[in-house]
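Colleague: Before anything else, here's the structure in question.
No value in this document is a laboratory result; all are computed from the given coordinates. All values reported here derive from a predicted model rather than from experimental measurement. Positions of Cβ are generated from backbone atoms using ideal geometry, with glycine treated the same way; all protein chains shown enter the neighbour counts.
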């Protein structure tokens, strides 16, 4: 028992210290953000908020905003990391968007999470907050008939403060470059296919979260080293508190209990998916830009793999691919779950 206590207490202290450090770090970087359109006075007590960091995503924004507005997002708080494609001008005109600009290093801000943690600390407390990228589209059980407030009311009643969503890479049949994507298009009318299996799950004992890898990116770009493939586990929806902080993207948070979004006793808890609209005809140009900037994790190792793969052609479809229909299909495949939310 004494040995066990010696092993547990230091981990708790380490996590507490790391959480305090992340909160302080985010607070100290508040000067990097310049308000362009601050409409946060419009935020009401029951509002569900979305937090986003982006750069040069103008072509995606109309569909992204429309999808999440229809789900029930009331206000978007967005950091524009020095876009030069008109993203900032477009967002500044949206009545439900508060916009900040920064020219600071994405990499040195822990890949934007310092900025997001800062905005969550200041504006997110006591709100359900959805933190996503502009190519991520949240779906969950009953999302076609029940808006987000129905889900968050149920989560509140169940005593849950966090909700997981696996990142599901979507792609077209055939070469990505052969099907042009234009502003206003439905990305999933083009990228309508996904991998139904081919996923691995491990538990991170220190943070308590599950680590999910696999799918088309791993089998195409990281086949020789699957453990280097991108993580697909996300916890994007959280009832925020000023004591909370994201550690690594939305893969995990502190305190640790927010990461325990699964049942280890054979049952299931409700979960969703983030449909990932990365693999459209814009992918090659975006990858080249990000590889040149080298502002991503591990010296942009992921984008280096994409660049090497793009030279061989970009067809992610295979004989095992499935065409997306709805959330029920994903539930049948075990990729999302209703849990007790019948």
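Colleague: Please compute, for the alpha-carbon atoms of region 2-332, the extent along each of the three principal axes and give them in descending order in Å.
Modeller: 57, 48, 42
Colleague: Still on this structure, please answer the following. Only bridges with both residues in region 1-127 count here: give the DSSP antiparallel percent, nearest 5.
Modeller: 20
Colleague: If neighbour count is taken as other Cβ atoms inside 10 Å, put 110, 217 in order from fewest to most.
Modeller: 110, 217
Colleague: Would you mind calculating the relative contact order of the chain from Cα pairs under 8 angstrom and at least 6 residues apart, reporting the percent as a whole number?
Modeller: 22
Colleague: What list do you get for 268, 57 if you sort them by fewest beta carbons within 10 Å?
Modeller: Values: 268 14, 57 22.
Ranked by crowding around the Cβ, least crowded first: 268, 57.
Colleague: Quick one: 242, 15, fewest Cβ neighbours within 10 Å first, how do they rank?
Modeller: 242, 15
Colleague: Could I ask something else about it? Where the eigenvalues come from the Cα gyration tensor of region 1-139, what are the semi-axes √(5λ) of the equivalent ellipsoid, largest first, in whole Å?
Modeller: 31, 18, 14
Colleague: Taking 0.36 nm per residue of separation and subtracting the Cα-Cα distance, what length does fully extending residue 11 through residue 47 add?
Modeller: 9.4 nm
Colleague: Per q in 0.13 Å⁻¹, report the Debye log10 I(q)/I(0) for region 126-188, using one uniform scatterer on each alpha carbon and no solvent.
Modeller: -0.52
Colleague: Here is a further query. Based on DSSP H runs of at least 4 residues, each adding -39500 (n - 2.57), what is the mean residue ellipticity at 222 nm of the chain after dividing by all its residues, to the nearest 500 deg cm²/dmol?
Modeller: About -9000 deg cm²/dmol.
Colleague: Nearest 5 percent is fine: what portion of the DSSP beta bridges confined to the chain is antiparallel?
Modeller: The antiparallel fraction comes to roughly 55 percent.
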